[in-house]
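The structure under discussion appears below in the form of structure tokens.
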Amino acid sequence: MSALVEPFPTITIDRTRQLAHFPEGRPLADSLGDYLRKTEASIAGRPVADMVTAIVPVYNTDPAMLHVALDSLLAQTMRPAYILLIDDGSDRLDTRAYLAAIDDSLLIDVLYNPRNISLGPTMNRALEACPTPFALKLDSDDVADPGLLAAFCDHLDGQPAPDVLGCQFTAFGESHFTTHHPRKVTRAHVVHSAGYWFMNHTGVILNRDSVRAVGGYRAMRGLPEDYDLWIRMMRAGHNRFVNLDESLVAYRDSPSALHRNFRRGIGRLRLIAAKASARLLPPF
């Protein structure tokens, strides 16, 4: 009787901490190759959101976190037409090894910046490469609910095209809370609310033409690029900002998270200036 051959161990995910575990003693490229082949077969029959490309900007992201983010996009009940990862000059070796291992996949496109240019210009390059009218932006360490894209597409069907379409998220890690942003963002929310937060920056649909009409993101290293973009879009009349009521993203709150640091120094001054400029907005 021939001995039973044990199958190769597979990549597993700790759903409590949202971290992937890669099999020890096996090349990462082999483990990811098996994972992608199985995933390609399992998602072949799912409906596709032809109007949406998922964009994931990457910079030195821990592969254990990056894999969970990517897995959450591949697990969508309605698949994005394309998944685009764009690396902003990572110099972390395991991040680069992970990206190299998925580079030839039929499910994912990977773009590389020749050097680190910061998030804003990286997103502009991704939007330039985006072949669809809408882009789903997801941070490389966050996790999308399987129904995220289907919920967005339900709203896009038969509605006036939004400029930005978001949802609520639930934080994990350093904090635990769920956002409660308004269904329809108005001038009053932007100008009169106590803070600067009416739309999440991750798990958000961007109308590609609306973003590009105002010149896209600005280079604001370590500063709130998304808030700056929102205000400039509104001032240019691209003010259809909508939030779904459901929490459909798990947001990884870490000690280095931008929201913990940009409200100091020049970051705080830029926020104050952006909010002051919002007072020039016409009613909407």
(message) I'd like to verify a number: residues in the stretch 131-186 that are touching a residue at least 12 places away in the same chain (Cβ under 8 Å) and outside any loop (DSSP other than H, G, I, E, B), how many?
(response) 26
(message) Tell me yes or no: at least one residue of the stretch 265-280 is closer than 29 Å to Asp71 by Cα, modelled with pLDDT under 95 and of a type in the set (D, E, K, R).
(response) no
(message) I'd like to check something: does the stretch 241-256 contain any residue that is closer than 23 Å to Pro131 by Cβ and either out of contact with any helix residue (DSSP H, G or I) (no Cβ under 7 Å at 6 or more places or on another chain) or not hydrophobic (A, V, I, L, M, F, W, C) (or both)?
(response) no
(request) For the stretch 214-227, name all the residues that are outside any loop (DSSP other than H, G, I, E, B) and either of a type in the set (D, E, K, R) or within 14 Å of the chain's Cα centre (by Cα) (or both). (result) Glu225, Asp226
(message) Please verify whether Thr39 is surrounded by 14 or more Cβ atoms within 10 Å (Cβ to Cβ), hydroxyl-bearing (Ser, Thr, Tyr) and in contact with a Cys (Cβ under 9 Å, 6 or more places away or on another chain), treating the condition exactly as stated.
(response) no
(message) Quick check on the stretch 207-228: of everything there that is of a type in the set (A, V, I, L, M, F, W, C) and touching a helix residue (DSSP H, G or I) at 6+ places or on another chain (Cβ under 7 Å), which residue is farthest from Leu269 (Cα to Cα)?
(response) Val211
(message) Suppose we keep only residues that are aliphatic (A, V, I, L, M) and buried (at least 19 other Cβ atoms within 10 Å of the Cβ) within the stretch 190-213. Which one would you say is farthest from the chain's Cα centre (by Cα)?
(response) Val190
(request) Among the numbered conditions (1) surrounded by 14 or more Cβ atoms within 10 Å (Cβ to Cβ); (2) in contact with a Pro (Cβ under 8 Å, 6 or more places away or on another chain); (3) not aliphatic (A, V, I, L, M), tell me where Glu174 comes up short. (result) (1)
(message) Quick test for you: out of Pro23, Pro80, Pro27, Pro47, pick the one residue that is free of Cβ contacts under 8 Å to residues at least 12 places away in the same chain and either of a type outside the set (Asp, Glu) or more than 23 Å from Asp253 (Cβ to Cβ) (or both).
(response) Pro27
(request) Find the strands (runs of 3 or more DSSP E) located wholly in the stretch 1-100 whose residues include 2 or more that are under 16 Å from the mean Cα position of the chain (by Cα) and of a type outside the set (A, V, I, L, M, F, W, C), and list them. (result) 48-58, 79-87
(message) Looking at the stretch 31-43, I want the residues that are within 15 Å of His21 (Cα to Cα) and have a partner that is loosely packed, with under 15 Cβ neighbours inside 10 Å and not polar (S, T, N, Q) with Cβ atoms under 7 Å, at least 6 apart or on another chain. Which pairs are those?
(response) Asp34/Phe8
(message) I'd like the full set of residues that are at pLDDT below 95 and of a type outside the set (Asp, Glu), limited to the stretch 156-172.
(response) Leu156, Gly158, Gln159, Pro160, Ala161
(request) Tell me, please, whether a residue that is over 30 Å from Asp209 (Cβ atoms), of a type outside the set (A, V, I, L, M) and without any contact (Cβ under 8 Å) to a residue 60 or more places away in the chain can be found in the stretch 51-61. (result) yes
(request) Consider Arg218 carefully, then state whether it is charged (D, E, K, R), surrounded by 15 or more Cβ atoms within 10 Å (Cβ to Cβ) and at pLDDT 95 or above. (result) no
(request) Only residues that are out of contact with any Asp or Glu (no Cβ under 7 Å at 6 or more places or on another chain) and either crowded, with 18+ Cβ neighbours inside 10 Å or in contact (Cβ under 8 Å) with a residue 60 or more places away in the chain (or both): list them for the stretch 223-235, please. (result) Leu223, Pro224, Glu225, Asp226, Tyr227, Asp228, Leu229, Trp230, Ile231, Arg232, Met234
(request) Name the residue, out of Phe8, Phe22, that is at pLDDT below 95 and either among the aromatic types (Phe, Trp, Tyr) or under 21 Å from Asp139 (Cα atoms) (or both). (result) Phe8
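The values are calculated or read from the model by the stated rules, or taken from the named source; none is laboratory data. Note that the coordinates shown come from a computational prediction; the quantities given were computed from them, not determined experimentally. So basically every Cβ, Gly included, is an ideal-geometry build from the backbone, and we count neighbours across all protein chains shown.
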